[in-house]
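Q: Here it is, the structure in full.
The values are calculated or read from the model by the stated rules, or taken from the named source; none is laboratory data. On a predicted model such as this, the values are computed, not experimentally measured, just so you know. Positions of Cβ are backbone-derived with ideal geometry, glycine not excepted, and every protein chain shown enters the neighbour counts. The protein model used for the area step is the full one, side chains on, heavy atoms only, and it has no ligands, DNA or RNA in it. Shrake-Rupley method; radii C 1.70, N 1.55, O 1.52, S 1.80 Å.
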Amino acid sequence: MSNRYVYGVVEADTVEFETEAVAGAERVYTVSHRRLGAVVSDIDTTDPEETDEDAQRHDEVLREIMDYDGGTTVVPMQFGMAFESDRALKNVLRGARPAFRRAMSDIEGMVELGLKLVSEDGADVDREAIEAEVADRLDPIAAQAVENDLFSDRLVLNRSYLVAEDDRAAFDDEIARFEDDHDELMVRYTGPFAPYSFVDVKIGAQQ
């Protein structure tokens, strides 16, 4: 009996398409319970190993779900959520339903964008001034922002932003202007992603 690997949760409009999914699956589809649907693919384990390839597929499937049918709001799950049966999965949807509904209304029409600023070799960078400038320029456009780890000495800033699709162009433009103003920094601007950093729905793992 095959298990269900979960990418995210959508309103119950049925999402179904063929794609390269996690662990070699070739189709994703929806397991629904009362107007919520978990978008899943079949998998032969409840404890998938996180390879680089499968982590990338997880992200790519989420991106396809976001683009599905002219745009679909999806509450993304972290890599590795797999359940033994539709029944186990429906129990989770039932239990976490209020949290999913809240998360969905928070992120509807939104994407996550990432910004990392890395100092060029030998550049003398005033971190506090940079942080303040970035906040002044980007915070008014974004709905929310969160700080991420500074995992390297040269990393000056590492933030994720929740941005409305309608504000994407303005946000892109502001990043481009910032980059023009700062030769001493490498700007790494990534996304759009499903809004992982702004969703905090913990679902009971593999029953």
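Q: Please give the solvent-accessible surface of Ser2 in Å², to the nearest 10, using a probe radius of 1.4 Å with every protein chain present.
A: Probe radius 1.4 Å; accessible area of Ser2 about 40 Å².
Q: Run lengths n ≥ 4 of DSSP H only: what is the helix-derived mean residue ellipticity at 222 nm for the chain, with -39500 (n - 2.57) per run over all residues, to the nearest 500?
A: For the chain, the value works out to -9500 deg cm²/dmol.
Q: Hey, another quick one. Work out the length of the dipole vector of the chain about its Cα centre, built from +1 on the beta-carbon of each Lys and Arg and -1 on the beta-carbon of each Asp and Glu, and round it to the nearest 20 debye. Before the final figure, lay out the partial values.
A: Working: 21 positive and 48 negative charges, 343 e Å.
Using only the charged Cβ atoms, the result is roughly 1640 debye.
Q: While we're on this one: What value does the chain have for Rg/Rh, both radii from Cα atoms and Rh as Kirkwood defines it?
A: Here the Rg-to-Rh quotient is 1.03.
Q: With viscosity set to 0.890 mPa s and temperature to 25 °C, compute the Stokes-Einstein D of the range 64-148, Rh being the Kirkwood radius across alpha carbon pairs; µm²/s, no decimals.
A: Rounded, D is 146 µm²/s.
Q: Counting only heavy atoms of protein chains, what accessible area per residue, in Å², does the chain have with a probe of 1.4 Å?
A: Heavy-atom SASA per residue in the chain reads 53 Å².
Q: Moving on. Working out 0.36 nm times the residue gap between Glu84 and Asp139, then minus their Cα-Cα distance, what length gain in nm do you get to one decimal?
A: 15.6 nm
Q: Using mean Cβ contacts within 10 Å as the protection proxy, how do 81-89, 132-140, 47-55 order, highest first?
A: 81-89, 132-140, 47-55
Q: Could you please state how large a percent of the accessible area of the chain is carbon and sulfur, counting protein chains only and using a 1.4 Å probe?
A: 41 percent
Q: Could you give the Stokes-Einstein D for the range 145-195 in µm² per second, using the C-alpha Kirkwood radius, 20 °C, 1.002 mPa s?
A: On the way: Rh = 12.4 Å.
It diffuses with D of about 173 µm²/s by this estimate.
Q: Oh, and also: Which residues does a label at Ala123 reach in the range 170-198, if reach means a backbone N under 13 Å from a point 7 Å past the Cα toward the Cβ?
A: Residues 178-189 qualify, since their backbone N sits under 13 Å from the label point.
Q: Highest first, please rank the peptides 167-180, 30-43, 67-80 by the mean number of other Cβ atoms sitting within 10 Å of their residues.
A: 30-43, 67-80, 167-180
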